[in-house]
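The values are calculated or read from the model by the stated rules, or taken from the named source; none is laboratory data. All figures in this text were calculated on a predicted structure; none of them were measured in a lab. Counting neighbours? That spans all protein chains shown, and the Cβs are built from the backbone with ideal geometry, glycine included.
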Amino acid sequence: MEGDFGRLGHGNSSDLFTPQPIKALHSLKIRQIACGDSHCLAVTMDGEVQSWGRNQNGQLGLGTTEDSLVPQKIQAFQGVSIKMVAAGAEHTAAVTEDGELYGWGWGRYGNLGLGDRNDRLVPEKVSLVEGDKMIMVACGWRHTISVSSSGGLYTYGWSKYGQLGHGDFEDHLTPHKVEALRDSYISLISGGWRHTMALTSNGNLYGWGWNKFGQVGVGDNIDHCSPVQKVVQISCGWRHTLAVTERQNVFSWGRGTNGQLGHGESMDRNLPKIIEALSADGSGGHQIEASTVDPSLGKSWVSPSDRYAIVPDESVIVFTCRVLLVQGQTVSVGGNGNDASVPESDVKRIRI
């Protein structure tokens, strides 16, 4: 790993190719670390913060702009217990055990949350309009994300690509609540270079911001200035699954021996794959051709007229596989019955 600016904390700028203990932290018990572009921080079990590495904008919080080749304690937090820290490219944020939010370092885009675009050489407390206590913080390259004790999501800083999630591309100099997720309780957050992800307590994953490489995960490469949930509808067959995204793309995975995944083949898949013929971003006019041979097993394709249905109850005598997409909104899936791996003693096998 590159050691320029002293970012490795070993007292020099040499590169290292194997992990080495940081001697300056030897007597301390560390509970959390964070790394920016060229600076690092560590929170001890006692709530103290050590920082080291590059410091041209004051991101170490030591009151200077001099790089530090070894960890140094941030004296500004004397008497304040820190819960966690987060590091952006050249700025830093922290949440205290009392729920207070701090920012320092490079502040050109309002990413410190202090109402201006100035740098700070030492940590400064962020004023919160609604008075919420913060329990979590994360940093993107030039933006900051925090979560309150009530599960509310706040963002501020650079928003050229919509990474703040406020429905616009305007920078925000102070924390603003993300209204699109007001009714959700946020349990995890993460900031990328120019995009943001958030996970709710009920397992819904949202993404927004720069999306050139599809990193927002919503089935397109368009930047999004508001949180987007990837999946809007799902449906399960007996041994396969389908999902529809907000972009009206249909994905399938699971058992595929009779073509029920819609990919023109008879293969099982353990990862979602887009169904080209049914998806907005698929190849237009593509027709799925029936396979006659399973390329992995060499099995001949079984026609529907000769197919067996696996049924758990004698009152159910017919199951067929069908996929229905109505105006890009609805997916309906029936169970596919051909699965030779199901023991004869466990189910009834009835010829259709």
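Summary table
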quantity	calculated
Given (1) part of a strand (DSSP E or B); (2) within 28 Å of residue 185 (Cα to Cα); (3) in contact (Cβ under 8 Å) with a residue 40 or more places away in the chain, number of the condition residue 99 does not satisfy	(1)
Residue, farthest from the chain's Cα centre (by Cα), within segment 1-51, restricted to residues that are assigned to a loop (DSSP other than H, G, I, E, B), closer than 28 Å to residue 140 by Cβ and small (Gly, Ala, Ser)	13
Condition met for residue 199 (hydrophobic (A, V, I, L, M, F, W, C) and at pLDDT 85 or above)	yes
Unique match (being more than 14 Å from the chain's Cα centre (by Cα) and under 15 Å from residue 223 (Cβ atoms)) among 176, 166, 172, 195	166
Qualifying residue in segment 58-76 (condition: crowded, with 17+ Cβ neighbours inside 10 Å, of a type in the set (Val, Ile, Thr) and under 27 Å from residue 134 (Cβ atoms))	yes
Residues (modelled with pLDDT of 85 or more, in a loop (DSSP other than H, G, I, E, B) and under 25 Å from the mean Cα position of the chain (by Cα)) located in segment 240-285	275
Among residues of segment 12-51, those that are over 28 Å from residue 81 (Cβ atoms) and of a type in the set (Gly, Ala, Ser), counted	2
Among the residues listed as 187, 146, 201, 150, the single one being buried (at least 23 other Cβ atoms within 10 Å of the Cβ), among the small types (Gly, Ala, Ser) and assigned by TED's automatic domain parsing to the domain that holds residue 34	146
Subset of segment 104-132 [in contact with a Leu (Cβ under 9 Å, 6 or more places away or on another chain), hydrophobic (A, V, I, L, M, F, W, C) and free of Cβ contacts under 8 Å to residues at least 60 places away in the same chain]	104, 106, 112, 126, 128
Residue list for segment 89-133, restricted to those being polar (S, T, N, Q) and within 24 Å of the chain's Cα centre (by Cα)	92, 111
Qualifying positions in segment 109-127 - assigned to a loop (DSSP other than H, G, I, E, B), of a type outside the set (Ser, Thr, Tyr) and crowded, with 20+ Cβ neighbours inside 10 Å	110, 111, 112, 113, 114, 126
Residue check, residue 79 more than 16 Å from residue 32 (Cα to Cα), more than 27 Å from the chain's Cα centre (by Cα), surrounded by fewer than 19 Cβ atoms within 10 Å (Cβ to Cβ) and touching a residue at least 24 places away in the same chain (Cβ under 8 Å)	no
